[in-house]
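Written out below as structure tokens is the structure these notes cover.
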Amino acid sequence: MTLDTTFDPASIEARWYKHWEETGGFRPERPDAEPYTIVNPPPNVTGSLHIGHALDNTLQDIVIRYERMRGKDALWVVGTDHAGIATQMVVERQMEAAQDKRTNYSREDFVDKVWEWKATSGGTITTQLRRLGCSMDWSREQFTMDEHFTKAVLKTFVDLYNDGLIYRDKRLVNWDPKLKTAISDLEVETQTIAGSFWHFKYPLEDGVTLSDGRDYIEVATTRPETMLADMAVAVHPSDERYASVVGKHVVLPITGRRIPIVADEHADPELGSGAVKITPGHDFNDFEVGKRAGFVAGEMLNMLTSDANVCQTSDGLVPEEFLGLHRFKRDGKDGAREAVVARLKADRYLIPHIAKTKKGEEVEHDAEPRQIATPFGDRGGVVIEPWLTDQWYVDAEKLAAKPIEQVKDGTIEIVPQTWEKTFFNWMENIQPWCVSRQLWWGHRIPAWFGPKLHDGALEMSSGSEFSNKNFAPDPIVATTEEEAIQIANERYARYLPEGGTVRVHDTQTEAHKDLLPALWRDQDVLDTWFSSALWPFATLGWPNETDLVKKHFPNNLLISGFDILFFWDARMMMMGQYNMGTAPWPKLYLHGLVRAADGAKMSKSKGNVVDPLGLIDQYGADALRFFMAAMESQGRDIKMDEKRVEGYRNFATKLWNATRFCQSNGIGKSTTIKAPTARLAANQWIIGEVQQVCAEIEQAMADLRFDAAANAIYQFTWSKFCDWYLELIKPVFAGDPDAMPAVETREVAGWALDQILVMLHPFMPFITEELWHAQGTRKYDLITASWPSPRAEVSKEATDAIDWVIDLTTNVRSAKNELGIAPGAKLAAFLPAASDLASSTIGRSSAAIERLARLTPVTMGEAPDGPAMQVTAQATGGSDVFIVPLEGIIDIAEEKARLEKALTASQKEAKSLEGRLSNANFVERAKPEAVEKAKADFAHHSAEVGRLEGALKRLG
RNA sequence: GGGCGCAUAGCUCAGGGGUAGAGCACUGUAUUGACAUUGCAGGGGUCGGAAGUUCAAAUCUUCCUGUGCCCA
């Protein structure tokens, strides 16, 4: 097949991808081969390909293509994540645009709508991954809400519950009042924002005073509205200012609530007045203080609704005027915060903040301005409210124990290793994982509730929401409703008619209307990460004992961005260990972020995102992939550099043109996997170089050094194969095409080019596949070709000869350039004292010397008297000095300048080495190799100094 | 405040106890057969600063400065 004169990536990419996918190239049947498995971090079903995906998936594709070529039964599991909150938000936004809303539908109908959305608009990213060339096993594409996946999720939940590792608890949770759901610690982003610090007087109850006589305690807060639910004031136990009032009470302004003054280490005597207000129902620290002060979670006052509007506390003390206000100013409308401050100020409970103006005048402000670390929900973007609710928690601490051990003992290797510390730091301080979400889209929690049995007696409650403080129904956790009913029937047997059975209602309210004990299902769904934690085995069919699970679990490697180390990687370790009894993979590779050209994080709001598909359109997928690989050194973020992508597009073009050159000289596909036997020096040399670069790439891949692997094949292809080998063999084709040299060279060149295509294929799959087929009719596609194993013997003499010719050529060119001699000029040269290498090389490679070094004729023997330049040729096997007469060719002064420059360099080196060698300490204490090398280098440079001085003298 | 990184050529980055590397950019030069998305040649760095260890430090240690991320 003849190649077009220009390389056009777009026209070949779509064609080859389709071909690979249709012919099963991504998952060739290799039942007896050693398995190699990776699973992709499932992108959100709502997602589209961003530059981070491009990096992550390129690296994975390089690994999987490499292992596939090495003959493994390579499986790259692909799929998408149902992304609970994100997906529900997308569909809700769509409804909003149509003046519709979720609550206009039943839960079932809404979930159906989401599925409809997925069918039509979901999974954009799967098409985009194809454009990148990713060789995933699409035939088994997974979704975290697939039926078999749900089975895995349910089993895991039920097992964890039965093992006491999942429990229901009432505690403060990170509540997103916009999305109206709990979220986990990891989904909270702390940002520092400008805020205020207000100081208030809390009056002591009748007759009580501090030791200094004051009849109030000063407290300060950044969230004044919470004072409506204050339950105590805390002072440090050692704080003498307050020792006399500990155990006494204050009477809260506004609510009139009488609350105790408690001693607690949490109060910092150095901070403000040393006394802090305690709102256990709305602050994580205060919750702990409250517990220590003897309040149980169920008694803690709650003053906010799920939207974060003020509601009545259970003691009924919040004045009417505050009820219904939002927690703070919103959409320009004052909220509870502003109202509370205004009221306290009016009632003279506000202690003003005195600030000085620039002129030194004192001015009163209501509050002191402050930077406040504020928690925001990473999805909803609003301030997170600590809220007291019943939620399901996973005992992460217990599950984390084994993974910690596995990373410590090397069962799991984290690459680069620096991440281990971060991993340990988080895992060793891990908090209970809140896994319930108040959403409709997701895996519904397999729990049913029924009336509580108190000493065997039924305790019915007045129907109320799940956040009801005083009623904790007993959960029944089961894989199916039938099982739940069965358990309930036993539990409530004495309250059921003979042979009767409990009924299951949609809601708690309906269940309470039932005259008999009845169940209602938990309304909540699981955190998305709960299901994605099962990805390494649930995608293979677990809990069924499928052949895939047996063969491909544990996986071999996981590649992910470091940003999901906790969200996903660590949780896979926990769940892998729990469900499968082993680590999900022995190696975890963490890569960095792709940043904008200026080093900033890419974000839509900054408008500095680079679209990978745009780069593919412009430079081709191969160039983008190669860029990603070449820039991926361990432990550093990648800064976007389009010029570099362009450079790799040029590299692809170079290879394209090199192949065109081969074709025009009758060089086609190779017939053998092993290197052909070769007699010509250039051919032996390139075979040796192929072996070397192959070993380099293999080492780099074993170390997961993508940059080293990419650079190795780049340098080999361009600097060795194109720049030297193709130039070296050109003279051969000027001769008889049927003679041995041409026949052998066509064979070797075809083989070497094939090896390049194979070794480059994991990095640049499209162009290599195209060229692979352009080079001849093949029995198989390159994607399933074998990785090189060039175990050929090449003679040292042959490779030395080529190294010598290359050195000679470079030196001649350099000298000509400096002397202003036309590069193409052919010069006669004399070799007075030829090394053995020189003699044999001049004999067998005269054509190369003539064509590349452009020295002709070369005469063995003394040069005639007269001005001349000296050119050296060096290789391991020999070192020679050519004399090139320059009479009438150039200005002698130029040659002198050139020699002077070289002389200065050699003198400098020689002097430095001499100094080192004359240091007794060096000679005695340095490694013998270092001393030997210094001696050899010194000898070399001394000789150079002598030679150059002589040459200068001859020029006069 | 705690933890983890980074600082090497104009730019983006490798490297690493024994004469400093790549790509891009730059300079000069070349255009009758693979390739100007190119060839050839070249300039450019006291490896952030200071001290220490060592025969020898860009490399190891400590401190400092700047900068980035994560956690509180």
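Quick one: in the range A:7-47, of everything that is part of a helix (DSSP H, G or I) and of a type in the set (Lys, Arg), which residue is nearest to RNA strand B (Cβ to nearest atom)?
Taking the range A:7-47 first, the residues part of a helix (DSSP H, G or I) are A:9-22.
The next check asks that each one be of a type in the set (Lys, Arg); those that pass are A:15, A:18.
Numbers: A:Arg15: 19, A:Lys18: 24 Å.
The qualifying residue nearest to RNA strand B (Cβ to nearest atom) is A:Arg15.
Tally the residues that are farther than 30 Å from A:Ser560 by Cα and open to solvent by 10 Å² or more (accessible area, probe 1.4 Å), restricting the search to the range A:618-655. Can you show your working first?
To start, the set of residues in the range A:618-655 that are farther than 30 Å from A:Ser560 by Cα comprises A:653-655.
Right, trim to open to solvent by 10 Å² or more (accessible area, probe 1.4 Å) and you get A:653-654.
Matching residues across the range A:618-655 total 2.
Quick one: which of A:Asp378, A:Asp409 is under 19 Å from the mean Cα position of the chain (by Cα) and either assigned by TED's automatic domain parsing to the domain that holds A:Asn309 or open to solvent by 50 Å² or more (accessible area, probe 1.4 Å) (or both)? Steps first, answer last, please.
On the way: A:Asp409 fails: under 19 Å from the mean Cα position of the chain (by Cα).
Unique residue meeting the criteria: A:Asp378.
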Query raised in the report: Are there any pairs, at least 6 apart or on different chains, whose C-beta atoms fall under 9 Å, with the first in the range A:504-524 and more than 19 Å from A:Ile445 (Cα to Cα) and the second surrounded by fewer than 20 Cβ atoms within 10 Å (Cβ to Cβ) and of a type in the set (Phe, Trp, Tyr), and if so, which?
Result: A:Leu516/A:Tyr495; A:Pro517/A:Tyr495
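Conditions (1) more than 8 Å from RNA strand B (Cβ to nearest atom); (2) small (Gly, Ala, Ser); (3) in the same structural domain as A:Ala734 (by TED's automatic domain parsing), marked per residue:
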site: A:Glu632; (1), (2), (3): yes, no, no
site: A:Asn650; (1), (2), (3): no, no, yes
site: A:Asn657; (1), (2), (3): no, no, yes
site: A:Arg660; (1), (2), (3): no, no, yes
site: A:Ala678; (1), (2), (3): yes, yes, yes
Query raised in the report: What do you reckon, is A:Ala630 more than 23 Å from A:Thr127 (Cα to Cα) and assigned to a helix (DSSP H, G or I)?
Result: yes
Report task. Within the range A:635-648, track down each residue that is in contact (Cβ under 8 Å) with a residue 40 or more places away in the chain and near RNA strand B (Cβ under 7 Å from one of its atoms). Result -> A:Gly635, A:Arg636, A:Asp637, A:Ile638, A:Lys639, A:Asp641
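Identify all residues within the range A:63-94 that are over 30 Å from A:Met764 (Cα atoms) and in contact (Cβ under 8 Å) with a residue 12 or more places away in the chain; write none if there are none.
Going through the range A:63-94, the residues over 30 Å from A:Met764 (Cα atoms) turn out to be A:82-94.
Result: A:His82, A:Ala83, A:Gly84, A:Ile85, A:Ala86, A:Thr87, A:Gln88, A:Met89, A:Val90, A:Val91, A:Gln94.
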Query raised in the report: Among the candidates A:Ala833, A:Ala905, A:Ala897, A:Ala936, which residue alone is away from RNA strand B (no atom under 13 Å from the Cβ) and of a type in the set (Gly, Ala, Ser)?
Result: A:Ala833
Query - Exclusive hit being closer than 30 Å to A:Phe627 by Cβ and either of a type in the set (Gly, Ala, Ser) or outside any helix (DSSP H, G or I) (or both), set A:Ala682, A:Ala675, A:Ala752 - result: A:Ala752
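Please find, within the range A:879-893, the residue that is surrounded by the fewest Cβ atoms within 10 Å (Cβ to Cβ) out of those that are more than 60 Å from the chain's Cα centre (by Cα) and either outside any strand (DSSP E or B) or modelled with pLDDT under 80 (or both).
Restricting attention to the range A:879-893, the residues satisfying the condition of being more than 60 Å from the chain's Cα centre (by Cα) are A:885-889, A:891-892.
Pick out the ones that are also either outside any strand (DSSP E or B) or modelled with pLDDT under 80 (or both) and you get A:886-889, A:891-892.
Details: A:Leu886: 20, A:Glu887: 11, A:Gly888: 7, A:Ile889: 19, A:Asp891: 12, A:Ile892: 16.
Out of the qualifying residues, it is A:Gly888.
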Report task. State whether one or more residues within the range A:554-563 are open to solvent by 10 Å² or more (accessible area, probe 1.4 Å), out of contact with any strand residue (DSSP E or B) (no Cβ under 7 Å at 6 or more places or on another chain) and within 8 Å of RNA strand B (Cβ to nearest atom). Result -> yes
**Report entry** Residue in the range A:599-607 that is among the basic types (Lys, Arg), within 9 Å of RNA strand B (Cβ to nearest atom) and either free of Cβ contacts under 8 Å to residues at least 60 places away in the same chain or surrounded by 22 or more Cβ atoms within 10 Å (Cβ to Cβ) (or both) present
**Finding:** yes
Query raised in the report: Just a yes or no: is a residue in the range A:412-428 surrounded by 15 or more Cβ atoms within 10 Å (Cβ to Cβ), more than 13 Å from RNA strand B (Cβ to nearest atom) and outside any helix (DSSP H, G or I)?
Result: yes
Query - In the range A:301-323, the residues that are open to solvent by less than 40 Å² (accessible area, probe 1.4 Å) and over 19 Å from A:Pro224 (Cβ atoms) - result: A:Ser306
Query raised in the report: When the residues of the range A:524-551 are filtered to those that are in a helix (DSSP H, G or I) and among the charged types (D, E, K, R), which remaining residue is least open to solvent (accessible area, probe 1.4 Å)?
Result: A:Lys551
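Can you confirm whether the range A:275-285 contains a residue that is part of a loop (DSSP other than H, G, I, E, B), hydroxyl-bearing (Ser, Thr, Tyr), crowded, with 17+ Cβ neighbours inside 10 Å and over 43 Å from the mean Cα position of the chain (by Cα)? Talk me through it step by step, then tell me what you get.
Narrowing the range A:275-285 to residues part of a loop (DSSP other than H, G, I, E, B): A:279-283.
Of the ones still in play, those that are also hydroxyl-bearing (Ser, Thr, Tyr) are A:279.
Now restrict to residues that are crowded, with 17+ Cβ neighbours inside 10 Å: A:279.
The next check asks that each one be over 43 Å from the mean Cα position of the chain (by Cα); those that pass are none.
No, the range A:275-285 contains no residue that is part of a loop (DSSP other than H, G, I, E, B), hydroxyl-bearing (Ser, Thr, Tyr), crowded, with 17+ Cβ neighbours inside 10 Å and over 43 Å from the mean Cα position of the chain (by Cα).
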Query raised in the report: Quick check, is A:Arg851 open to solvent by 40 Å² or more (accessible area, probe 1.4 Å), touching a residue at least 60 places away in the same chain (Cβ under 8 Å), within 16 Å of RNA strand B (Cβ to nearest atom) and not assigned by TED's automatic domain parsing to the domain that holds A:Lys901?
Result: no
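Which ranges mark the helices (runs of 4 or more DSSP H) fully within the range A:98-203 that have 2 or more residues being charged (D, E, K, R) and under 29 Å from A:Thr23 (Cβ atoms)? Write out each step before concluding.
Values: elements: A:107-121, A:124-131, A:147-162.
Per the criteria, A:124-131.
The values are calculated or read from the model by the stated rules, or taken from the named source; none is laboratory data. If you're wondering where the values come from, they're calculated on a predicted model, not measured in any experiment. No Cβ is skipped: glycine too gets one built from the backbone with ideal geometry, and neighbour counts run over all protein chains shown. In case anyone asks, the SASA skips ligands and DNA or RNA and just uses the protein heavy atoms, side chains included. Shrake-Rupley method; radii C 1.70, N 1.55, O 1.52, S 1.80 Å.
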